[in-house]
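Bear in mind these aren't lab numbers, they're just calculated from the coordinates by the rules spelled out. Every value quoted in this text rests on a predicted model; they were computed, and no experiment measured them. Neighbour counts are summed over all protein chains in view; Cβ atoms, including those assigned to glycine, are modelled from backbone coordinates with ideal geometry.
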2 protein chains.
Amino acid sequence: MILVIHAHPYPARSRTGGALLAAIGDVPGVQVRSLYQMYPDFDIDPRAERAALEAARLVVLLHPIFWYTTPAMLKHWFDVVLVKGWAYGEGATALKDKPCLWAVTTGGDDHDYTPAGHHAHPFEAFAPVVEQTVRFCGMRWLAPFVVHAGRQLTDDNLRERAAELRRRIEEQAA
Amino acid sequence: MILVIHAHPYPARSRTGGALLAAIGDVPGVQVRSLYQMYPDFDIDPRAERAALEAARLVVLLHPIFWYTTPAMLKHWFDVVLVKGWAYGEGATALKDKPCLWAVTTGGDDHDYTPAGHHAHPFEAFAPVVEQTVRFCGMRWLAPFVVHAGRQLTDDNLRERAAELRRRIEEQAA
């Protein structure tokens with residue numbers, strides 16, 4: 001099973017994220033868990049989430065970048081699902097060697113993510129928070145899939161990027 | 001008014017964070033907003049939070065580091081309180097030049113935050129997410145106050161660090 005953990009509070013307003021989700025939602029074996037829709041009061045069920053993770057052979061974290069990292073709901077998922085004794089620490093092997101693909105969309109363009117740009121840093125400077133969370137749990141960190149400036153993409157460009165994400169997932173799952 | 005935005009889901013279990021909060025809670029002019037206790041369902045009131053921010057001349061973000069950044073509740077506070085047109089964007093000046101002090105506690109020790117350590121990076125590698133959030137809103141980023149390995153501090157060490165935080169706040173507010 002390929003587990004897509006999807007975090008967007010208003011997916012209907014998301015052209016870019018919506019296109020990505022549509023492109024991968026019907027890959028054979030995919031299970032999508034849209035956290036904001038499943039848990040409107042942030043009352044994440046850690047056991048159900050852990051069961052889904054245990055059954056997964058590939059984990060995809062799909063979300064827009066909000067304030068340089070995950071939306072709060074996905075952070076809450078990290079906080080309550082990835083606990084000591086299960087996700088990490090002595091004898092914890094639930095996630096060991098599972099590959100994890102971080103698939104994100106940003107509003108900023110390439111220039112924004114430069115020292116002179118609005119965000120003052122390359123995008124990679126913001127990645128360690130999520131990357132090290134994943135690695136600390138023993139997962140295998142794949143090269144992230146990042147779509148910058150989604151709103152500026154033409155429909156064709158967006159279709160190409162979405163197809164690229166689908167290929168990445170199909171290849172990884174093969 | 002000195003606004004302390006405090007985010008800890010179980011403050012009674014936090015020796016280090018508790019000592020810091022106790023040391024600064026009675027500084028004249030301090031208002032503490034403990035987000036997990038105010039908003040148990042994550043139903044943050046953005047207007048009330050913005051009003052508190054507008055009245056503040058110093059903002060302190062006080063929390064433990066969970067998964068290399070803020071607990072989810074403080075991330076949710078960023079997501080819903082710091083919106084375009086108020087916190088940033090054309091004509092938005094609500095937070096302009098307000099100083100902001102990031103005051104955090106970590107479980108790891110200095111060695112953990114090295115390339116060979118458990119966290120694979122110096123602590124500073126994880127700071128840009130919060131720092132750039134604060135800076136993007138036009139606030140003044142003060143040198144962070146970081147207590148590593150709180151559980152390994154003696155009572156005396158902890159009292160010293162707490163007193164240091166109090167001094168930082170008093171000096172900044174003077």
_For chain B, give me the percentage of DSSP beta bridges that are antiparallel, rounded to the nearest 5 percent._
5 percent
*Hey, rough spin-label estimate for A:Glu170 and B:Asp155, points 7 angstrom out along Cα→Cβ, what's it come to in nanometres?*
6.6 nm
*Kindly provide the GluC sites (Glu not before Pro) of segment B:37-137 that DSSP labels as loop, not H, G, I, E or B, and whose Cβ sees at most 14 other Cβ atoms within 10 Å.*
B:Glu90
*With +1 on each Lys and Arg Cβ and -1 on each Asp and Glu Cβ, how big is the dipole of the protein assembly as shown about its Cα centre, in debye rounded to the nearest 20?*
200 debye
*Calculated from backbone phi, Karplus (6.51, -1.76, 1.60) coupling profile of segment A:57-63 in Hz, x at Gly/Pro*: 10, 8, 10, 10, 9, 10, 6
*Tell me, what is the percent relative contact order of segment A:2-173, built from C-alpha pairs under 8 Å that lie six or more residues apart?*
27 percent
*Positive end of the charge dipole of chain A (Lys, Arg +1 and Asp, Glu -1 on Cβ, about the Cα centre): tell me which of A:Val129, A:Ser34, A:Leu165 has its Cα farthest that way.*
A:Ser34
*Counting DSSP beta bridges with both ends in the protein assembly as shown, the antiparallel % (nearest 5)*: 5 percent
*Nm distances between the label at A:Gly91 and the same-position labels in the remaining copies, 7 Å along Cα→Cβ, shortest first?*
6.1
*Could you work out the mean count of beta carbons from other protein chains within 10 Å of each residue's beta carbon in A:62-71?*
5
*Quick one: label points 7 angstrom along Cα→Cβ at A:Pro122, distances to the other copies in nm, smallest first?*
1.8
*What 222 nm value per residue comes from the helices of the protein assembly as shown, counting each DSSP H run with n ≥ 4 as -39,500 (n - 2.57) and dividing by all residues, nearest 500 deg cm²/dmol?*
-10500 deg cm²/dmol
*Unit charges on C-beta of K, R, D, E only; dipole of chain B, Debye*: 280 debye
*What value does segment B:2-173 have for Rg/Rh, both radii from Cα atoms and Rh as Kirkwood defines it?*
0.95
*Any idea what diffusion coefficient the protein assembly as shown gets from Stokes-Einstein, in µm²/s, Kirkwood Rh on alpha carbon pairs, 37 °C, 0.692 mPa s?*
155 µm²/s
